[in-house]
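> One structure is given below, represented as structure tokens, and several questions about it will come after.
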Amino acid sequence: MAGTQQQYITPEMKAKLETELQALIDNRPKIAAEINERREEGDLKENAGYDAAREQQDQEEARIKQISEILSNSTTERAGIVEGVAHVGSVVHVYYNGDENDKETFLIGTRAASTDNKDLETYSENSPLGAAVVGASEGETRTYTAPNGREISVTIVDASPYDSVKASTPRAQS
């Protein structure tokens, strides 16, 4: 039943997607009117305006479908997330290959879960790094194979449930 598992998205991303979806839905009558207006201009084979309006309609309908699928297959709930253990919906602070100066902080979730915080990268739980750290506790080191074939070790420094207030403020360097 892995196909029915919902993906975590941040509350901010959910609101952003819902706003975009509603704007696209609200734009449908305008696009339909544009298509009808261009259709009335005559020969559709030589009508660039008609073609452009149809292309825009196709793109917007594809985006409506994409956003609808993201929203129907996602949740902002973080049930089961435990402080100190990396889970989907956790912000994780790590270092690589035993080098405590090679640090990174990221959110575990889908790209749709990402935030407006440019300093907080998002890694899917299905990515090599995400899969390696999910379920790891603070202080635990795991290894994974990077896309380039290199074995990389990653040590969990801290893992905590995503909080938009904490995520928007830079973490103090230790």
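> Rounded to whole Hz and in sequence order, give me ³J(HN,Hα) for segment 93-102 from the Karplus expression 6.51 cos²θ - 1.76 cosθ + 1.60, θ = phi - 60°, writing x for Gly and Pro.
10, 9, 9, 10, 6, x, 9, 5, 8, 9
> A further question follows. Give me the net charge of residue 38's neighbourhood, meaning all other residues with Cβ under 10 Å from the Cβ of residue 38; Lys, Arg count +1, Asp, Glu -1.
Net charge in that neighbourhood comes out at -3.
> How would segment 8-75 be classified by its alpha-carbon gyration tensor: rounded, prolate or oblate, with rounded meaning a/c under 1.5 and the a/b versus b/c comparison settling the rest?
Prolate, since a/c reaches 1.5 and a/b exceeds b/c.
> Give the long-range amide H neighbours of residue 8: residues separated by 5 or more places, or on another chain, with amide H under 5 Å away, using H modelled in the peptide plane at 1.01 Å from N.
Residues meeting the criterion, in which the H sits 1.01 Å from N, are 75, 110.
> In whole Å, largest first, what are the principal axis extents of the Cα atoms in segment 85-166?
32, 23, 22
> Could you tell me what percent of the accessible area of segment 85-166 is made up of carbon and sulfur, with a 1.4 Å probe and every protein chain present?
46
The values are calculated or read from the model by the stated rules, or taken from the named source; none is laboratory data. All of these numbers come straight from a predicted model, not from anything done at the bench. In this analysis, Cβ positions are derived from the backbone assuming ideal geometry, glycine residues included, and neighbour counts consider all displayed protein chains. Heavy atoms of the whole protein, side chains included, go into the accessibility calculation; ligands, DNA and RNA do not. Shrake-Rupley method; radii C 1.70, N 1.55, O 1.52, S 1.80 Å.
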